Amino acid sequence: MPLTDYPEHVREAVAATREVVARLHAELPRWGLVVWTAGNVSQRVVVDPEHGPSERDLLVIKPSGVTYDELTPESMVVCDLDGTLVDGERSPSSDTAAHAYVYRHLPEVGGVVHTHSTYATAWAARAEPVPCVLTMMADEFGGPIPIGPFALIGDDSIGRGIVDTLRESRSPAVLMQNHGPFTIGQDAKAAVKAAVMVEEVARTVHISRQLGDPLPIPQDKVDSLFDRYQNVYGR
Ligand SMILES: [Zn+2]
């Protein structure tokens with residue numbers, strides 16, 4: 001159904017979400033996480049629950065093949081949770097199916113980010129989880145950053161790999177093998193933060209390994225750091 005057929009409060013929520021998603025895209029080049037048109041941010045459109053749950057079933061994502069300098073709120077694309085175009089002048093990002101799969105299967109997730117940020121993707125190329133050797137990793141990720149399966153674009157396999165891996169982990173980030181990081185959050189801003197943090201810790205742990213073997217943090221200490229941080233700051 002075209003966006004013009006949705007009730008006004010949904011169209012207002014879509015317009016507000018377009019602003020947020022367009023603004024957050026600027027964070028990806030700002031933190032050095034993307035080159036050219038790679039990478040994307042999406043957010044679930046949330047409307048007042050008194051209007052009914054079915055109206056949550058939209059997402060806003062970056063258009064395909066547009067450079068970061070050209071992104072505007074109006075250029076953002078609206079899709080339903082099957083990834084079908086609802087509103088937009090351009091095609092949605094080619095990663096939309098993966099984002100939509102995550103929203104369909106993880107109802108608590110309100111934002112998804114994907115990049116090919118260099119250090120995180122270097123670990124993904126080796127299919128090696130980033131070990132939990134930093135207190136900031138225990139805080140943010142609650143353990144190692146897991147590896148998702150090798151999956152090709154074109155069907156649900158990337159989305160399924162993300163969801164299956166993150167369900168087994170406290171981490172809001174997964175490194176898809178030979179590909180790169182996908183991150184989730186309660187909204188797009190939280191997912192962008194996770195994308196920044198996963199690159200930061202991937203870089204730091206890589207540098208630490210050039211010096212020798214980083215020391216693991218005992219599991220009970222990881223647990224107490226994670227619990228404290230998540231309870232103090234929320235997630
Ligand atoms: Zn990608």
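The values are calculated or read from the model by the stated rules, or taken from the named source; none is laboratory data. The shown structure was predicted, so the numbers you read here are calculated from the model rather than taken from an experiment. Glycine also receives a Cβ, built like all others from the backbone with ideal geometry; neighbour counts cover every protein chain displayed. Note: areas computed on protein heavy atoms with side chains; ligands, DNA, RNA excluded. Shrake-Rupley method; radii C 1.70, N 1.55, O 1.52, S 1.80 Å.
Observations
- The charge dipole of the chain, taken about its Cα centre with unit charges on the Cβ atoms of Lys, Arg (+1), Asp and Glu (-1) only, comes to about 760 debye.
- Segment 1-79: C-alpha gyration tensor shape, a/c 1.5 cut-off, then a/b vs b/c: prolate
- Heavy-atom accessible area with a 1.4 Å probe sorts SER42, SER208, largest first, into SER208, SER42.
- MRE, 222 nm, helices only [DSSP H, n ≥ 4, -39500 (n - 2.57), over the chain, to nearest 500]: -13000 deg cm²/dmol
- Which of LYS189, LYS62 is most accessible, then next, and so on - probe 1.4 Å: LYS189, LYS62
- For the pair ASP48 and GLU70, a Förster radius of 25 Å applied to the C-beta separation gives a FRET efficiency near 0.15, rounded to the nearest 0.05.
- Couplings 3J(HN,Hα) of segment 67-81, computed from phi: 6, 4, 5, 8, 6, 10, x, 5, 7, 5, 10, 9, 10, 7, 7 Hz, in residue order, whole Hz [Karplus 6.51 cos²θ - 1.76 cosθ + 1.60, θ = phi - 60°; x for Gly and Pro].
- Panel values: segment 70-178, Kirkwood radius from alpha carbon pairs, Stokes-Einstein at 4 °C and 1.567 mPa s, translational diffusion coefficient 86 µm²/s.
- Pairwise label distance in nanometres, LEU215 with LEU3, each label 7 Å out on the Cα-Cβ vector: 5.3
- Residues of the chain: accessible area per residue with a 1.4 Å probe, Å²: 48
- Solvent-accessible area of the chain (1.4 angstrom probe, protein heavy atoms only): carbon and sulfur portion equals 52 percent.
- Area of GLU70 that stays accessible when all protein chains are in place (1.4 Å probe, Å², to 10): 110
- Value of Rg to Rh for segment 3-233 (Rh from inverse mean 1/r over Cα pairs, i.e. Kirkwood): 0.98
- Evaluated at q = 0.18, 0.20, 0.26 Å⁻¹, the base-10 log of the normalised Debye intensity for segment 112-176, with identical point scatterers placed on the Cα atoms, takes the values -0.64, -0.79, -1.25.
- Exposure rank, largest accessible area first [ARG104, ARG90; 1.4 Å]: ARG90, ARG104
- Estimated at the nearest 10 Å², the accessible area of HIS116 is 90 Å² with a 1.4 Å probe.
- The chain, relative contact order in percent, only Cα pairs under 8 angstrom and at least six apart counted: 19
- Residue by residue, segment 105-110 carries 3J(HN,Hα) couplings of 9, 10, x, 7, 7, x Hz when phi is fed to the Karplus relation 6.51 cos²θ - 1.76 cosθ + 1.60 (θ = phi - 60°); x denotes Gly or Pro.
- Pairs of alpha carbons in segment 57-133 whose separation is greater than 15 Å (percent): 62
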